[in-house]
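As structure tokens, the structure follows; a few thoughts come after it.
The values are calculated or read from the model by the stated rules, or taken from the named source; none is laboratory data. A quick note: this is a predicted structure, and the numbers were derived from the prediction, not measured. A quick note on method: Cβ atoms are made from the backbone with ideal geometry, for glycine too, and the neighbour counts reach across all protein chains shown.
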Amino acid sequence: MTTDSPSPRKILIPIDFYGVSRASLETLVHIAGPLHRGVLGLLLEDLRLQQVADLPFTTEITLHDCEERSLQREQLSRRYSLVSTDTGRLLKELASRDRVDLVLEQVAGNRLRAALTRDAGLDIFFPARQRWQQLPVKRAAQRKAIARLGIVLAQTAQDNAIVETAGLLQKAGLVGETYVISTGALDRAQLDSLYQPGSRICVQANLHSDPATIGRLIRQSPYDLLLLPRDCLQGIAPEALEAALDKASGQVLVIN
């Protein structure tokens, strides 16, 4: 049976060689529902890793026995296949469970470039990198899907969309505490739209939106999810932005 209903607007998630944790995928699916969004998963094959693996002197150190061995193209290909298959299968399961529309595509490139050069209308979910040592979870018994939500309002074209997104997540009961980081005084209507009975909202109105500050905010973000206007990424060198995202301990949702 066919339908003329348009596909929902999607949130893009880049999935590369390093994989994505189940917790990050669950957060993405949890927020996609209330936002009435689908998910576009890009399964990325990073050609730079393949090129490095082709060099004759490339080696790796195994963690379990600390022995050095050759790092070959075939090993990277198997690793990529395993990560993409497992992550894609898990994302399908979670999306089906929450009835979220899902599209998976296989493309070549690194996660930052592949995400930012995609359709301008897509929001982008950058999951936190998986760590060898899992950070302790605070207030586990009372923890919501997004215990600490950070939203950046920097007088950009995306500010209204940021507030609307945060409000929908609040109304869905997914947020514990909301932290508004603003470059100036907030409109009372914006704060009223974020408030829900029992919610806690903290406001900081002294943000500098220069590239160095935004990069540091991403890298040192104390939030489980940070809503960031796309315009705030302007001026940040791609290498610096990629490094900040690699070190971020929380998820980042770039709003277009």
>> Being at pLDDT below 70 and exposed (fewer than 13 other Cβ atoms within 10 Å of the Cβ) is the filter here; which residues of the stretch 58-99 pass it?
In response: T59, I61, T62, L63, H64, D65, C66, E67, E68, R69, S70, E74
> For the stretch 212-229, which residues satisfy the criterion of being under 24 Å from L28 (Cβ atoms) and exposed (fewer than 13 other Cβ atoms within 10 Å of the Cβ)?
Replying inline: Q220, P222
> So which of Q204, Q196, Q190 ends up being without any contact (Cβ under 8 Å) to a residue 60 or more places away in the chain and either under 18 Å from F126 (Cβ atoms) or in contact with a Lys or Arg (Cβ under 8 Å, 6 or more places away or on another chain) (or both)?
Replying inline: Q196
